[in-house]
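Peer 1: Mind looking over this structure? Questions follow.
The values are calculated or read from the model by the stated rules, or taken from the named source; none is laboratory data. As the structure is a computational prediction, the values presented were derived from the model and not from experiment. Because the Cβ atoms are built from the backbone with ideal geometry, glycine has one as well, and the counts that use them run over all protein chains shown.
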Amino acid sequence: MPLQPPTPDSALRAALSRRFGRIVVFSGAGMSADSGIPTFRSGSNGLWQEFDPSRLATPAAWRADPAMVWGWYEWRRGQVAQAAPNPGHLAVARLQQALGASVITQNVDDLHERAGTADVLHLHGSLFAPRCSGCCRPHPPGAAHAKARLRLDPPRCTSCGGDVRPGVVWFGEALDPAVLGEAAQRIAACDLLLVVGTSGVVQPAASLVGLAPADAVVVEVNPEPREPGARPVHHLAMTAASGLPMLAGLLLQPAPGNPPAGA
Ligand code: BV8
Ligand code: ZN
């Protein structure tokens, strides 16, 4: 008997069988795993298994060896440029178009945007927004390199000649307070929070989930078992690429007696 794919349990179906007006999707690296982008801490392809974050994703690493750090980020940018949004990204875009969902991501890729989602809040910055490490002037991302382990001298800022750095937030760097504040506001006002593909390890991003109102429905989409948390959540033990289209189907089906969502 072939294994049946997991389906939402009756409690989750019941919890989702109403209209939601303030949906927030909070995504982590697992959101892009089905697009072939390695996650940080899970599975055999964990990015950090091969590259030690303390060596590469910190200001000290950048000061010590800008060419190694810039080469690593350019390789990652090339990987993302060659990847495609997966059905999970497309389902999130549908939820935004039909139900006004907003997206907060820890990811530095552009796959939510390429799936059609607008106004994505990038808590940890973006591979596609390099900037001058001196005057902070944005620098246009050039053609990315798909080869791994390349040492690449970072480009020079055309305005002040400083080294151009990756537009991401490194460990030990503060998140942009405006982005963090907006993300906190959106989650604190949501009535449905979808937490997708995150191990909940990195702070302060992970603590945002706890800001969801007590009466909000929180659904975690992650194939791994979840740590027992402070609040009850619905755990959908599925990948983003399978779980999100299913949730979108449930949320977009007409509530009893109502017209189809987004009609
Ligand atoms: C800050 C950009 C303060 C870079 C990233 C001790 C010393 C120093 C600092 C700290 C410390 N303890 C805590 C800290 C704070 C530190 C931190 O949290 N460290 C962790 C490691 C303990 N945080 C910071 O340093 C932050 N800044 O605190 O500043 C400050 C204040 C004022 C002034 C100065 C400083 C900055 C953190 C940001 C780091 N940058 N990214 C880059 O990308 O190179 S974080 C990085 O991790 C990514 O952005 C990633 O998104 C993020 C979180 O990881 P996840 O997304 O959760 O991914 P992970 O692999 O862990 O999990 C994947 C999940 O998906 C798993 O659960 C898996 O089961 C699931 N999954 C797998 N496949 C699928 C799936 N789910 C669905 N579908 C699938 N197919
Ligand atoms: Zn500059």
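Peer 1: Out of segment 165-186, which residues are of a type outside the set (D, E, K, R) and away from ligand 1 (no atom under 16 Å from the Cβ)?
Peer 2: Selection gives 185 alone.
Peer 1: With the requirement that a residue be of a type in the set (Gly, Ala, Ser), over 16 Å from the mean Cα position of the chain (by Cα) and within 16 Å of ligand 2 (Cβ to nearest atom), what does segment 150-181 give you?
Peer 2: Within segment 150-181, 159, 161, 162 qualify.
Peer 1: Here is a list: 182, 113, 173. Which entry is in contact (Cβ under 8 Å) with a residue 60 or more places away in the chain and not in a loop (DSSP other than H, G, I, E, B)?
Peer 2: Every option except 182 fails the conditions.
Peer 1: Take residue 221 and tell me if it is of a type in the set (A, V, I, L, M, F, W, C) and modelled with pLDDT of 95 or more.
Peer 2: For residue 221, the condition - of a type in the set (A, V, I, L, M, F, W, C) and modelled with pLDDT of 95 or more - is met.
Peer 1: Residues in segment 225-237: is at least one surrounded by 22 or more Cβ atoms within 10 Å (Cβ to Cβ), under 22 Å from residue 88 (Cβ atoms) and either modelled with pLDDT of 95 or more or over 17 Å from the mean Cα position of the chain (by Cα) (or both)?
Peer 2: Scanning segment 225-237 turns up at least one residue that is surrounded by 22 or more Cβ atoms within 10 Å (Cβ to Cβ), under 22 Å from residue 88 (Cβ atoms) and either modelled with pLDDT of 95 or more or over 17 Å from the mean Cα position of the chain (by Cα) (or both).
Peer 1: Restricting attention to segment 206-224, and to residues there that are more than 19 Å from residue 101 (Cα to Cα) and surrounded by 16 or more Cβ atoms within 10 Å (Cβ to Cβ), which single residue is nearest to ligand 2 (Cβ to nearest atom)?
Peer 2: In this case the residue turns out to be 206.
Peer 1: Further, regarding this structure: I'd like the residue in segment 190-205 that is small (Gly, Ala, Ser) and assigned to a loop (DSSP other than H, G, I, E, B) and, out of all such residues, is surrounded by the most Cβ atoms within 10 Å (Cβ to Cβ).
Peer 2: Looking at the filtered set, the residue picked out is 197.
Peer 1: Looking at (1) away from ligand 1 (no atom under 12 Å from the Cβ); (2) closer than 25 Å to residue 126 by Cβ, which is the one condition that is false for residue 217?
Peer 2: Every listed condition holds for residue 217 apart from (2).
Peer 1: Over 17 Å from the mean Cα position of the chain (by Cα), surrounded by 14 or more Cβ atoms within 10 Å (Cβ to Cβ) and among the acidic types (Asp, Glu) - does that describe any residue in segment 182-189?
Peer 2: For segment 182-189, residues over 17 Å from the mean Cα position of the chain (by Cα), surrounded by 14 or more Cβ atoms within 10 Å (Cβ to Cβ) and among the acidic types (Asp, Glu): absent.
Peer 1: Please list, ordered by first then second residue, the pairs with beta carbon atoms under 7 Å, 6 or more apart or interchain, first in segment 124-137 and under 12 Å from residue 77 (Cβ atoms) and more than 8 Å from ligand 2 (Cβ to nearest atom), second of a type outside the set (Val, Ile, Thr) and part of a loop (DSSP other than H, G, I, E, B).
Peer 2: Correct list of pairs: 126/110; 127/109; 128/110; 128/141; 130/139; 130/141.
Peer 1: Just need a number here: residues in segment 138-165 that are in contact (Cβ under 8 Å) with a residue 60 or more places away in the chain and on the phi > 0 side of the Ramachandran plot.
Peer 2: Adding up the residues that qualify gives 1.
Peer 1: Residue pairs, Cβ under 8 Å, 6 or more apart or interchain, first in segment 207-231 and more than 16 Å from residue 27 (Cβ to Cβ), second in a strand (DSSP E or B) and not aromatic (Phe, Trp, Tyr). List them.
Peer 2: Close Cβ pairs (under 8 Å, with a partner that is in a strand (DSSP E or B) and not aromatic (Phe, Trp, Tyr)) amount to 216/192; 216/193; 217/192; 217/193; 217/234; 225/235; 231/218.
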